[in-house]
Amino acid sequence: MQSMAAREPLTVAHDDSAQDDLLAAVDLPAIERSPAPRRVPSLETGVVRGTASGLVIELGGGPVAARRAKSCLVAPDAGDRVLCAVDGEQVFVLAVLEGEAGATTRIVAEGDMKVQATGRLGLGAGDQIEIAAAREVGLFAGKLQVRAQAAAAAIEEIGLVGRSLEAHLQKAVVVAERMEARADRLVQRAKQAFRFVEALEQVRAGVFDLRAEGLAAVRGENTIVAARTLAKLDGEQVKIG
């Protein structure tokens, strides 16, 4: 006959701390978790639907708001076909692929823009070149050359400062309401000179010397020759009257 102690089941105590120590002692490789999938940037072509309040591009998924990339200097117009870079919620226009035939191509940059070349820089057009600025246009060069068959300038006010001026012209016409010339020394040379003064001409000088190799004639309806100290007529023959 078995004792009561032998009939009772054997109870084994579960020690969690021992299991933890065993797992810590074993060098198991770390479990790598895969990162969340990220949408890869893509290139898509689209059509510009609007430019008034920002670029609106029609892509495969519908119209989206876009911005022009800094390297895309050509400003897109409505109806142009463009190449876009799509990165998540951001859409950038990289290039204008084609537009309306005969439409004007506009190069637009936000802020200041500088075109620089280490060598020569040429600017040419088959028809016309226009330079316009709201405030100022500056030309700075060691030497300036301008060649044209015809030139026209309409300037409200002009100022010229220089050391010397040399001009070779076949014909020069100056029409002015008022003209003033100031110089320390003025020399004029001409084969023939004609002056036509309708009203009054005055010459005031410290010393006035008038000489003629041939005939010197002074004619007038009334002629007055006056001297404060001395009036002299000298010649081989002097005729009065």
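The values are calculated or read from the model by the stated rules, or taken from the named source; none is laboratory data. Predicted, not measured: the structure shown is a model, and the values here were computed from it. Please note: Cβ atoms are built from the backbone with ideal geometry, for glycine as well, and neighbour counts cover all protein chains shown. We work out accessible area using only protein heavy atoms, side chains counted, and drop any ligands, DNA or RNA first. Shrake-Rupley method; radii C 1.70, N 1.55, O 1.52, S 1.80 Å.
One table, with the values for the structure above:
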read-out	value
Rg and Dmax [Cα atoms of the range 124-241; Å; Rg one decimal, Dmax integer]	24.2, 74
Per-residue HN-Hα couplings for the range 213-222 [Karplus 6.51, -1.76, 1.60; θ = phi - 60°; Hz; x = Gly/Pro]	6, x, 8, 10, 10, 10, 10, x, 4, 10
Using θ = phi - 60° and Karplus 6.51 cos²θ - 1.76 cosθ + 1.60, couplings along the range 130-140 (whole Hz; Gly, Pro as x)	10, 10, 9, 8, 6, 10, 7, 10, x, 10, 10
Cβ crowding within 10 Å averaged over residues, with 107-118, 77-88 ranked highest first	77-88, 107-118
Potential extension, Ile158-Leu200 segment - 0.36 nm per residue separation minus Cα distance	12.3 nm
Cβ-Cβ FRET estimate between Lys70 and Asp127, R0 fixed at 25 Å, reported to 0.05	0.25
Area projected by the alpha carbon convex hull of the range 39-165, averaged over all directions, nm²	12.9
HN-Hα J in Hz across the range 110-124 - Karplus 6.51, -1.76, 1.60, θ = phi - 60°, x for Gly and Pro	7, x, 6, 9, 9, 9, 9, 9, 6, x, 8, 10, x, 10, x
Length released on extending from Arg182 to Ile224, taking residue separation times 0.36 nm less the Cα-Cα span	12.2 nm
Förster-model FRET efficiency, 22 Å R0, Ala109 and Leu139, C-beta, rounded to 0.05	0.55
Protection-proxy order for peptides 49-55, 93-99, each taking the mean of Cβ atoms within 10 Å per residue, highest first	93-99, 49-55
Solvent-accessible area, 1.4 Å probe, carbon plus sulfur percent, for the range 97-172	48
Cα centroid separation, the range 82-113 to the range 142-202 (Å)	50
Label-point separation, Leu233 to Ala217 (7 Å along Cα→Cβ), nm	1.8
